[in-house]
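Everything below concerns the one structure shown next.
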Amino acid sequence: MSSSPSNLSQYKQFLRQNRSARADVPPASAKTASATRPQPEESQSQSQPQPQPQPQTQEFQDQPSDEQQLYPHLELEKSPIAPWMYKPLPEEDILQWAAPSRPFKKRNKKYYSTLAMIALLISLILGLAGQLAAITVVIAICFLAYVLSVVPPQNVTYKISTWGIRVENSLYYWEELGRFWFSKKHGEKMLNVETARFPNRLTILLGDQDEELLKLILSEVLLNKKPDPTLYEKTATWLQKKIPLDLEE
């Protein structure tokens, strides 16, 4: 991690304090209910005028906030060229870890033999139907599945910064990210985030990273909710149940 352990612990404590403070605040409807309820004329006439709130003193205004104490250099400054805008803030790393680029599971001989039999059967059916181009697609998919099950993935660097989520040199800004949720595949925990780019989902392996810490940080910007499965996911789940390829020796 780029930040020291003390800064990370302070950041975690700051997030928890903000969350507990928001939980203690009553909803706005409860506050405004008494203010909007019509009162009798007698009570209104007898009510004393409320004192006006006193402006904050300069000494209190000069006190730095919790965000400024953690990140004193991240202060918004007005642009001298465009006074209605603020200067851009530099990117600051919040969390960083290394993990494989994709889930990996070492396959056995039954997996490859079953995959070859399925590909041969589908190719025969397509050949009788005269769909030669579709046979090429089936062979390409089987070859891709073979390569992914033989070649182990490489480790990549993941970062969560003040700009968004960075995977190696690719940056996904907060503005183009949606919901996030956690899942597990081949015994490895994964972080899934909706993106506005193709293929509309960012899959990140947690490795040795703490899931609760990631949930605490991402919940400040994104919504922690798993979306409904798509048609492709439902079809893949159905095929996996009907034609199980994860056979053990």
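Just so you know, all these numbers are worked out from the coordinates, no wet-lab data involved. As the structure is a prediction and not an experimental result, all values here were calculated from the model. Ideal geometry is used to build each Cβ from the backbone, glycine not excepted, and the neighbour counts take in all protein chains shown.
Brief remarks follow.
- Note, ³J(HN,Hα) from phi for the range 130-140, Karplus 6.51, -1.76, 1.60, rounded to Hz, x at Gly and Pro: x, 9, 6, 5, 5, 5, 4, 5, 5, 5, 5
- Of the peptides 174-187, 201-214, the ranking by mean beta-carbon count within 10 Å, highest at the top, reads 201-214, 174-187.
- J(HN,Hα) series, the range 174-187, from Karplus relation 6.51 cos²θ - 1.76 cosθ + 1.60, nearest Hz, glycine and proline x: 4, 5, 9, 10, x, 6, 9, 7, 10, 9, 9, 9, 6, x
- The charge dipole of the range 96-242, taken about its Cα centre with unit charges on the Cβ of Lys, Arg, Asp and Glu (plus for the first two, minus for the last two), comes to roughly 720 debye.
- Cross-link table 109/189; 12/105; 78/225; 109/226, entries beyond 32 Å C-alpha to C-alpha: 12/105; 78/225; 109/226
- Derived from the Cα gyration tensor, the three semi-axes of the equivalent ellipsoid of the range 96-242 are 35, 18, 14 Å, largest first.
- On the basis of the beta-carbon distance and an R0 of 22 Å, residue 170 and residue 15 show a calculated FRET efficiency of 0.30.
- For the range 96-102, the Karplus equation 6.51 cos²θ - 1.76 cosθ + 1.60, evaluated at θ = phi - 60°, returns couplings of 8, 7, 10, 7, x, 6, 7 Hz by residue, with Gly and Pro reported as x.
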